[in-house]
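Okay, so here's the structure we're looking at.
The values are calculated or read from the model by the stated rules, or taken from the named source; none is laboratory data. Source: prediction; values computed, not measured. Glycine gets a Cβ as well: all are built from the backbone with ideal geometry, and neighbour counts include every protein chain shown.
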Amino acid sequence: MGKGKDLFGHYNDLAKDKGPGSEESKYAGILFQSLLMIGERRTFELLEEADEKGKKLKLEYANGAKPSSGCPCGVTLV
């Protein structure tokens, strides 16, 4: 879990450096939502898996809802 926690911190540091509206800031927001939805342990595990596979975390939405109009229902790797 240490690597996942380090990755979480790294992405948040990047977001701070790049500023609001940047891709890094948007991704840090996804990571924070993941933390709230599925918890610290699972988020860090997914971050480690994403890092190993060269992927990123993405929020899932139910019934084809658009991110702007719906609440996320899960987290997946893309």
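Observations, loosely collected:
- Here Ser34 passes the criteria (1) surrounded by fewer than 16 Cβ atoms within 10 Å (Cβ to Cβ); (2) under 21 Å from Glu60 (Cα atoms) except the one numbered (1).
- Flag for Asp17 being at negative phi, of a type outside the set (Ser, Thr, Tyr), modelled with pLDDT of 95 or more and in contact with a Gly (Cβ under 9 Å, 6 or more places away or on another chain): no
- For segment 10-28, the tally of residues that are over 16 Å from Val78 (Cβ atoms) and out of contact with any Asp or Glu (no Cβ under 8 Å at 6 or more places or on another chain) stands at 10.
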